[in-house]
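Step one of this worksheet: look at the structure below.
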Amino acid sequence: MPPLTTNAKNETRRVGFELEFSGLTLTKAAGLLMKDLGGRIEIVNPYHFKIADTPLGTFTLVLDFQFLIESGLEKWLHSIGLDQALEPETVRAIESFIADISETVVPYEVSTPPLPLERLETMERVREVLRKNGAIGTKADPFYAFGFHINPEAARITAPDILDTLRAFFILYDYLVEVIKPDFTRRLTPYIDPFDTAYIERVLDMDYDPTMPQLIDDYLAYNPTRNRALDLLPLFAWIDVDRVMAKMEGEKISARPTWHYRLPNSRVDEPEWCTCDAWNSWVLVERLAADEDALRHFQRRCLAYLGSPLHFFKKEAWIDEVEAWVGRASS
């Protein structure tokens, strides 16, 4: 469990999960999960399914290609005045052709509703249902840059709390990469690009004490993208959507009061893996953020580490230093 289990309203915090996979059709995956979770299947279109009315809320399964999820071909044809020129069967055939090509590299994705902390085992149940029925993950193909994303509700939404969590993530980043070992293909893609050193040093600066508007503006100035291992755009859009969208016009950002932690691989097909491993890696970030003495100590140490002209050669020693704290924090 994280150090803070309730939000600012004293309600139990919730966590959403997104697991990418291949090896199963959406139809089969939806049927299997409905059998396990209850509820009923809603078909939005052939590439977007919902399992509604489960005791925990609505689960979503999609082919992770926004163009198809949103019936993009039909909308595009309408925009150029050709929607009446083609028969519906022809449009569906073209969509199917696009989907067949996309499925070689684009994953399916199952998203949970926000789960209360005491029901996080639901994600592992979902993973096991998929694994036992042939779902495959990141390591199954060199082209699969599949991820497992975690969306923990922010316990406190103030500039100092967000800043300390971001600082903790930066301090732990090299250690987390060593432990999680993000797949090589995922690291080649832009999806989990690391933060620039200049921004990390700005955030870790002991004198950096921004207001919320400044914190958001600085983040957007250095990170005008969703492609970060820890994506703050959904959280910042929830706080001030106009400020975010003024910089991110045209981007599809789902405003919600959560962190968007994107570092872990999807290891859905590996029997020895548990989704709790990825969750526990995030809990370490929150534990360090809540440990003021350790956080301030590591701020100084991380700044010195990053400021060294040969810091790359000191990475192993830095990871060992952080790991020693992890051992103490986990005991």
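Readers should treat all values here as calculations from the given coordinates under stated rules, not as data from a laboratory. Because the structure is a prediction, the values reported are computed rather than measured. Quick reminder, even Gly has a Cβ in these numbers, built from the backbone with ideal geometry, and neighbours come from all protein chains shown.
Work out, step by step, the length gained on full extension between L303 and S330: first 0.36 nm times the residue separation, then minus their alpha carbon distance; give nm to one decimal.
Working: separation 27, 0.36 × 27 = 9.72 nm, distance 2.43 nm.
Net length gain for the segment: 7.3 nm.
Projecting the Cα positions of L56, I319, N227 onto the charge dipole of the chain (unit charges on Cβ atoms of Lys, Arg, Asp and Glu, taken about the Cα centre) puts L56 furthest along the positive direction. Here Cα Rg over 2.2 N^0.38 Å was calculated from the structure, and among (i) 1.15; (ii) 1.05; (iii) 0.99 it sits at label (ii). For I319, the shell of other residues with beta-carbons less than 11 Å away shows a net charge of -4, using +1 for Lys and Arg and -1 for Asp and Glu.
For a quick check: sort V283, V110 by the number of other beta carbons within 10 angstrom, fewest at the front. Write out the running numbers ahead of the final one.
Numbers: V283 16, V110 28.
So the residues, fewest neighbours to most, are V283, V110.
Straight Cα distances below 25 angstrom link K314 to the lysines K181, with same-chain residues fewer than 8 positions distant left out. Approximating the spin labels as points 7 Å out from Cα along Cα→Cβ, the A246-to-A8 distance works out to 2.1 nm.
V126: net charge of surrounding residues, Cβ under 13 Å, Lys/Arg +1, Asp/Glu -1, itself excluded? Walk me through the numbers before you get to the answer.
Numbers: positive: K35, R119, R125, R127, R131, K132; negative: E18, E20, D36, E109, E121, E124, E128.
That works out to -1.
Within the same chain, aspartates and glutamates fewer than 8 places from K315 are excluded, and of the rest, those with a Cα less than 15 Å from its Cα are D174, E178, E323.
Is the shape of the stretch 165-227 best called rounded, prolate or oblate, per the rule: a/c under 1.5 gives rounded, else a/b larger than b/c gives prolate, else oblate, with a ≥ b ≥ c the square roots of the Cα gyration tensor eigenvalues? Cα axes put the stretch 165-227 in the oblate bin.
Bridgeable lysines around K132 (alpha carbons under 18 Å apart, same-chain partners fewer than 8 residues away excluded): K28, K35.
Using a simple charge model, +1 on the beta-carbon of Lys and Arg, -1 on the beta-carbon of Asp and Glu, nothing else, what dipole does the stretch 14-330 show about its Cα centre, in debye to the nearest 20? Write down the numbers at each step before the final one.
Values: 34 positive and 51 negative charges, 77 e Å.
Using Cβ point charges on Lys, Arg, Asp and Glu, the stretch 14-330 gives about 360 debye.
Listing K50, K132 from fewest to most neighbouring C-beta atoms within 10 Å gives K132, K50. Neighbour counts of C-beta atoms inside 10 Å place F146, F236 in the sequence F236, F146, starting with the fewest. Helices meeting the span-like rule in the chain (full DSSP H runs, Cα extent of at least 24 Å along the helix axis, mean Kyte-Doolittle score of 0.5 or higher): 159-180. Centre-to-centre, using Cα atoms only, the stretch 142-170 and the stretch 277-328 are separated by 16 Å.
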